[in-house]
Amino acid sequence: SSSRGRGGGIRWDNSNSQYGVLGAWMATDAGLKPSTGSLYWELMRDHWLRTQRPDGGWGYTDFQESNGSMTAAGVATLFVVLDRLHAGNMREARGLQAAIDNGLDWLGREFTTDNPRGNSQWRYYYLYGVERVGRASGFKYFRRVNWFREGARYLLKHQHDDGHWAGTSGGMSDTVNTAYALMFLCHGRAPLLFNKLEFGSDWNGKLRDVAGLTWMAQQSLERLLNWQIVHLDGPLDDLFDAPVLYLYGTSEVMFSNAQVQKLREYCLRGGMIYAVAGENSTVFVDAIEQLARRAFPEYRTRPIHDDHPLVSGRVQYPIKDPPFMIEVHNGVRTLMILSTRDVADAWNRHHRKGKGQRDFRLGLNVYLYATDKAYKRSRLETIELPRESAEIKRTVQIGRIRYDGTWDVEPYGWTRLRTYLHNETGTRLLVTSGVRLDRDDLIEQFRVLHMTGTEAFDLSAAEREGLRKFLSSGGTLLADAAGGSRSFLQAFEREMQVALGGKPRVLPESSPILTGQGIDNSWDLSLSGLKRAALGWTGNREYPPIKAFALGRRWAVVYSPIDVSVGLLGTEVFGCRGFDDYGALQVLRNLILYANLPAVEKARLYDAR
């Protein structure tokens, strides 16, 4: 980073200094250590603190004003120094943290995609520095600007048709600028391990906890990962960037009703909250338990025992002497987890041996549990399906059956299904939830019903009679065993045999319900995917073994023995035997389109099977 000038003095610049640090950063990540030990990082700290300008930024040298590329270099470097030099005692690093905050303030004030206050020829070099800052700091926004979205938009706009980005003056060739652009996009879009929630007064009491856990996860999974900080006053979509929302604190924290509702919606739409009581704080534990009661009054908290996948080794690592943890579970997946021990202390200190290794492994288990070990969604990707313009070809009104049991499984999945059917098939789906089988006007109001659940159930005599009338009058019942519940499946088949008197059959592989042939806008289900726990379920069949009960010359009841309802959410669920996100949408697409056909068409397709 320095050399002898003509006059014999030391010549240095912050650009070369940054690249020395980046090289040392990658080397130490690979397990190498500087021969000078901590002295190297102390020299880096002292240099960058000394050369920070009064406005919070950095210039190329002492004599140049602050600019974007050098300020990004300074902030990223100080984050590396913070982790390498002060991970064991953050209190020693207050001056360093103040310098980082001042640098981030400068970027927040000045951020553009074109190297603010600097030469635009270095804009790709600058964007790579921005990505380093975003990755190290966890910030999704510089002030109110989403740095990755804006940077990606700029780069995609300026990419040439053959894939390269043009060179600029000053030795930045096509190859160099293309490399910088690709590093920004590839590193910046990496999947997120956790979102860290900024809330309360001491949410960042362990400044580098998630950064440390992310580093360990990358080493263990051999996969590039990111993390970020989010706020409850931001858009809900920010929370869905990551599969886990991480909460840390030591003191009492109160959430407003609006904040509780946002956290509830995040979880019910597929997310999971992981809260850690800093310094083993009982006050924080009480506050999170109160949050659980307010957000999920319909579910009770329950302790996590040694046979839970999170600690038993079924997810990844068996955890000896785990902290006492409680969870909120909706019958198919975990919505919240609370650790009463401060496992984040080891992450923050980068203590990866002994008890520290246990706590790192528990954090990694949480991520793998929340993603069923299959999470691949990158930044900017979302489980939400944007509504597109489509010509409406049909309207289907469907009733979701309410019975004495767990009938209302993952209701938000139906919102996603409505959008999918609108976009892909031009179907307007009208969904009514909580429909009773014993209502007098069932067949007048609905031609299609859907039923699901997670446990055994019994229908009343009135419900059985209502079901018989509905089916004998031409109605069609669709169903699935949520989460792959065998107890629900057995109860469902028993009730259908009572109602119809026959036995279920596996649809032949030539069935139009499976192949899509003969049903307008349907899908070839041989192309539909399965979740990890259901792999091998189809055996040697090309098509999934969907089952049905016949009534005359039609299939009156069509159902999946494995999960569809949970899959509609678009999220991964550990141990869920069912179709994957698009597979679930495709199965219900075919079933609903079939159920909506007139009786004569159903008879024709039944005869052609």
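The values are calculated or read from the model by the stated rules, or taken from the named source; none is laboratory data. Not measured: the values here are computed from a predicted model. Cβ atoms come from the backbone with ideal geometry, glycine included; neighbour counts cover every protein chain shown. For the accessible areas, the whole protein counts, side chains as well, though only heavy atoms, and no ligand, DNA or RNA atoms are used. Shrake-Rupley method; radii C 1.70, N 1.55, O 1.52, S 1.80 Å.
If you go through segment 448-473 and keep only what is within 28 Å of the chain's Cα centre (by Cα) and either open to solvent by 10 Å² or more (accessible area, probe 1.4 Å) or of a type in the set (D, E) (or both), you end up with T454, E455. The residues listed here are F470, F457; of these, the one that is in contact (Cβ under 8 Å) with a residue 24 or more places away in the chain and part of a loop (DSSP other than H, G, I, E, B) is F457.
Restricting to segment 535-571, name every residue that is more than 22 Å from W407 (Cβ to Cβ) and not in a loop (DSSP other than H, G, I, E, B). Of everything in segment 535-571, those that are more than 22 Å from W407 (Cβ to Cβ) and not in a loop (DSSP other than H, G, I, E, B) turn out to be A550, W555. Restricting attention to segment 474-493, the residues that are exposed (fewer than 14 other Cβ atoms within 10 Å of the Cβ) and closer than 18 Å to A548 by Cβ add up to 1.
Quick check on my filter: what residues within segment 183-199 are hydrophobic (A, V, I, L, M, F, W, C), farther than 21 Å from A152 by Cβ and open to solvent by less than 10 Å² (accessible area, probe 1.4 Å)? F194, L197, listed by residue number.
Okay, residues lined up against (1) touching an Asp or Glu at 6+ places or on another chain (Cβ under 9 Å); (2) in contact (Cβ under 8 Å) with a residue 60 or more places away in the chain; (3) open to solvent by less than 20 Å² (accessible area, probe 1.4 Å):
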site: P323; (1), (2), (3): yes, no, yes
site: L338; (1), (2), (3): yes, yes, yes
site: Y367; (1), (2), (3): no, yes, yes
site: L380; (1), (2), (3): yes, yes, no
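Of all the listed residues (G578, G484, G536, G567), the sole one being small (G, A, S), free of Cβ contacts under 8 Å to residues at least 12 places away in the same chain, out of contact with any Ser or Thr (no Cβ under 6 Å at 6 or more places or on another chain) and within 30 Å of L310 (Cα to Cα) is G536. Checking L514, L527 one by one, the residue that is open to solvent by less than 10 Å² (accessible area, probe 1.4 Å) and either out of contact with any Gly (no Cβ under 8 Å at 6 or more places or on another chain) or modelled with pLDDT under 95 (or both) is L514 and no other.
Would a scan of segment 84-97 turn up a residue that is surrounded by 20 or more Cβ atoms within 10 Å (Cβ to Cβ), closer than 17 Å to P54 by Cβ and touching a helix residue (DSSP H, G or I) at 6+ places or on another chain (Cβ under 7 Å)?
no
If you go through segment 8-48 and pick out every residue that is assigned to a helix (DSSP H, G or I), open to solvent by 60 Å² or more (accessible area, probe 1.4 Å) and over 28 Å from R352 (Cα atoms), you end up with 1. Looking across segment 342-365, the residues that are over 23 Å from N204 (Cβ atoms) and either in contact (Cβ under 8 Å) with a residue 40 or more places away in the chain or surrounded by 22 or more Cβ atoms within 10 Å (Cβ to Cβ) (or both) come down to R361, N365. Across segment 200-220, the number of residues qualifying as touching a residue at least 60 places away in the same chain (Cβ under 8 Å) and under 17 Å from G278 (Cα atoms) comes to 10.
Within segment 262-310, the set of residues being open to solvent by 80 Å² or more (accessible area, probe 1.4 Å) and in contact (Cβ under 8 Å) with a residue 60 or more places away in the chain comprises E279, N280.
Scanning segment 233-255 for residues that are under 17 Å from N280 (Cβ atoms) and touching a His at 6+ places or on another chain (Cβ under 9 Å) returns no hits. For segment 543-553, the set of residues classified as free of Cβ contacts under 8 Å to residues at least 60 places away in the same chain and touching a Leu at 6+ places or on another chain (Cβ under 9 Å) consists of Y543, P544, P545, I546, K547, A548, F549, A550, listed by residue number. In segment 233-338, counting only strands (runs of 3 or more DSSP E) that sit wholly within it, the ones holding 1 or more residues that are of a type in the set (S, T, N, Q) span 301-303. Entry remark, segment 554-578: residues being of a type in the set (D, E) and open to solvent by less than 10 Å² (accessible area, probe 1.4 Å) number 1 in total.
Among the residues of segment 214-261 satisfying the criterion of being exposed (fewer than 14 other Cβ atoms within 10 Å of the Cβ) and closer than 21 Å to R293 by Cβ, which is nearest to the chain's Cα centre (by Cα)? Among those that are exposed (fewer than 14 other Cβ atoms within 10 Å of the Cβ) and closer than 21 Å to R293 by Cβ, it is Q261. Scanning segment 579-592 for residues that are open to solvent by 10 Å² or more (accessible area, probe 1.4 Å) and either farther than 15 Å from E410 by Cα or not in a loop (DSSP other than H, G, I, E, B) (or both) yields a total of 4. For segment 389-404, a tally of residues being open to solvent by less than 40 Å² (accessible area, probe 1.4 Å), in contact (Cβ under 8 Å) with a residue 60 or more places away in the chain and outside any strand (DSSP E or B) returns 1.
Listed residues D209, D202; which is touching a Ser or Thr at 6+ places or on another chain (Cβ under 6 Å), buried (at least 16 other Cβ atoms within 10 Å of the Cβ) and within 23 Å of G356 (Cβ to Cβ)?
The unique qualifying residue is D202.
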